[in-house]
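Here is the structure we will look at.
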Amino acid sequence: MNFNHMDAPMLQTQTQHQIRQISDLPAIHTYFDVIPESPDGQYVTFFAFDGKPLNHGTIMLARADGSDPIKVSECAGNAHGGANQGWLDNEHIFFCADGFIHIANTKGEVVEKIRGAVDTIHQGSHRALTHSANMRQRDLEPEKEQACYLVDLNSNTLTELLDRETAYKLLSQHMDMSQVPIELMGFKHTKWAPNGRDWFVVFDNMKHRKANPDLPRRKVIIAAKDDGSELRFIDEFGHHPNWMPDSSGIYAFDDKHTNKIFHWEKDSGQKSLLVQLDCEGHPCVHPNGQLISTDSYTYTEDGVMRVHLHDLRNGSTELIKEMPFPNVDWQLHHPPGHVCHAHPVWSADGKRLYYNAIVDEMPRLMVIDIDESLL
């Protein structure tokens with residue numbers, strides 16, 4: 001995949017988009033790397049909250065336009081991603097609750113419950129990735145304090161792919177770890193490549209640095225094959241990594257807060273600048289590899305949340321939506337003191353961009369029909 005690395009000042013585009021609200025209920029989708037729309041584009045799934053605080057609600061299904069809503073199951077959820085709901089295939093969704101991965105059909109019927117948790121899932125093979133911390137958040141007790149696992153939903157098996165000791169040994173070959181004890185390192189964000197043959201995980205000590213800011217910063221990406229083989233150190237990074245749509249590499253913001261998004265080849269780890277934006281948030285590359293969406297925030301008393309669209313082909317950028325980002329004292333979990341994050345994410349065909357809005361201090365799931373002139 002070829003990139004045009006644009007460092008010039010970005011220009012405002014003159015496109016027109018239609019924005020639609022999916023549901024009248026206070027609702028969100030899962031994350032900037034989980035598509036809420038079924039692979040065939042016929043349905044959406046989302047988490048609808050009971051009310052304040054945003055910690056419980058209902059898994060929902062609806063037609064792509066929001067019509068014919070169906071209640072699937074009531075369960076605990078959070079303002080960051082609901083109950084990790086997503087699509088297994090065109091006929092089934094999954095969500096995580098009460099220590100189980102629940103699978104439901106498009107009639108809203110739960111047809112299977114598998115002990116476990118999902119971080120990300122590969123639809124083609126019905127295999128999920130998870131890690132110890134994610135399992136504990138879902139009322140499970142993993143075998144190891146820190147490890148990464150593969151969950152095969154077809155065979156209902158759990159396989160360890162990587163443990164902390166192995167990851168720490170690999171990291172020690174690339175960075176000075178003499179002042180960072182192994183027990184301060186942990187896993188998060190296990191993510192499948194779209195091809196289902198590669199995955200990566202974040203390995204860091206950021207949780208402990210909050211209490212001890214003098215601790216050297218260690219936050220890296222480690223990649224491997226689907227069976228855990230060919231383990232490789234990718235690089236240090238800043239935040240919100242993801243796979244390129246064609247599985248060729250990984251992208252993320254840098255660790256210097258320069259608004260730069262870098263790209264790393266998945267096998268060699270070769271690094272190059274993908275783009276420099278005028279903001280930072282949750283970046284999502286369009287399926288065609290030439291557009292990038294992101295959100296941004298001002299954390300002030302009269303804060304603002306924005307959704308942006310950047311075109312790699314000509315360096316232009318567009319502010320698609322701006323909305324209030326209020327401080328709320330009833331929101332105690334992530335994002336603390338705020339209703340939700342926008343987390344813009346593309347549909348599989350790239351014609352729609354889903355995001356979470358904030359209306360009257362409650363979340364609302366929205367979708368943007370992208371102007372065809374950009375596609």
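Residue-wise HN-Hα couplings along segment 358-371, as the Karplus relation 6.51 cos²θ - 1.76 cosθ + 1.60 with θ = phi - 60° gives them from phi, are 10, 10, 6, 6, 9, x, 9, 7, 10, 9, 10, 7, 6, 4 Hz; Gly and Pro carry x.
Taking the Cα centre of each part, how many Å lie between segment 244-310 and segment 60-95? Measuring centre to centre over Cα atoms gives 27 Å.
Taking every C-alpha pair closer than 8 Å and separated by at least 6 residues, the mean separation divided by the residue count of the chain gives a relative contact order of 16 percent. Taking the three principal axes of the alpha carbon atoms in the chain, the coordinate ranges are 54, 52, 41 Å, sorted in descending order.
The Rg/Rh ratio for segment 174-221, using Cα coordinates for both the radius of gyration and the Kirkwood hydrodynamic radius, is 1.08.
Just so you know, the Rg over Rh for segment 260-375 is 1.01, from Cα atoms, with Rh as the Kirkwood radius. Based on protein heavy atoms only, the chain ends up with 42 Å² per residue of surface accessible to a 1.4 Å probe.
For the chain, modelled as a GNM whose springs connect Cα atoms under 10 angstrom apart, the maximal fluctuation among Leu161, Leu170, Leu231 occurs at Leu170.
Estimated from helices alone, the mean residue ellipticity of the chain at 222 nm is -1500 deg cm²/dmol (sum of -39500 (n - 2.57) over DSSP H runs with n ≥ 4, per residue). Computed from backbone phi with θ = phi - 60° and the Karplus coefficients 6.51, -1.76 and 1.60, the 3J(HN,Hα) list for segment 346-352 is 7, 5, 4, 8, x, 8, 9 Hz; x is used for glycine and proline. Relative contact order of segment 131-289, taken over Cα pairs closer than 8 Å and 6 or more residues apart, is 13 percent. In segment 235-297, what trypsin sites (Lys or Arg not before Pro) fall in a loop by DSSP, with at most 13 other Cβ atoms inside 10 Å? Passing both the DSSP loop test and the Cβ count: Lys256. Expressed as a fraction of 2.2 N^0.38 Å, the rule-of-thumb size for a compact globular protein of N residues, what is the C-alpha radius of gyration of segment 144-184? Relative to the rule-of-thumb radius for its length, segment 144-184 sits at 1.51.
Across segment 295-375, the mean sequence separation of Cα contacts (distance under 8 Å, 6 or more residues apart), normalised by length, yields a relative contact order of 20 percent.
Take the Cα coordinates of segment 166-285, assign each an equal point scatterer, and use the Debye formula without solvent to give log10 I(q)/I(0) at q = 0.12, 0.19 Å⁻¹. Here the Debye-derived log intensity ratios amount to -0.43, -1.05. Here the accessible area is traced with a 1.4 Å probe on the protein chains. For the chain, carbon and sulfur cover 46 percent of it.
The values are calculated or read from the model by the stated rules, or taken from the named source; none is laboratory data. Worth saying up front: this structure is predicted, and the values here are computed from it rather than measured. Backbone-built Cβ (ideal geometry, glycine too); neighbour counts: all protein chains shown. Accessible surface is based on the protein model in full, side chains and every heavy atom, while ligands, DNA and RNA are left aside. Shrake-Rupley method; radii C 1.70, N 1.55, O 1.52, S 1.80 Å.
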